[in-house]
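Engineer: Structure provided below as structure tokens; questions to follow.
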Amino acid sequence: MTGSQSYEVFLTAAASEDFGDASVRAESVQFYDSGVWVDHAGGRDFFPYRRVLRVSERDASTTGERRDAAGGSAGAVDDTELDVE
């Protein structure tokens, strides 16, 4: 991972209330069967997939990538809302 790479993890409404923000800007994200570990400026937190809407990877040379947390499909970043149950 280069120094210019970062991530943003977008949370569900319930997770946002518990965490205190709608998204988390992270230095790294580790994907596991049951959820993601997120390393961020405030520490390290685990979010089950049911509490994650989207994970975006950001790099200085690209616009990023969107992954649907429920299905793992990738696509271009846009402003489309994701519905995850």
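Any read-out appearing in this document is the output of simple, stated calculations on the displayed coordinates, not a laboratory observation. From a predicted model like this one, the values you see are computed outputs, not experimental measurements.
Engineer: What are the residues whose amide H is under 5 Å from the amide H of THR12, where those residues sit 5 or more places off or on another chain and H is modelled from the backbone?
Structural biologist: The answer is VAL52, LEU53.
Engineer: Can I ask one more? For PHE31 and ALA14, compute 0.36 nm times the residue count separating them, minus their Cα-Cα distance, and round to one decimal in nm.
Structural biologist: Difference between extended and current length: 4.1 nm.
Engineer: Under the Karplus relation 6.51 cos²θ - 1.76 cosθ + 1.60, θ = phi - 60°, what is the ordered set of whole-Hz ³J(HN,Hα) values for segment 32-42, x standing for Gly and Pro?
Structural biologist: 10, 4, 9, x, 10, 8, 10, 9, 9, 4, x
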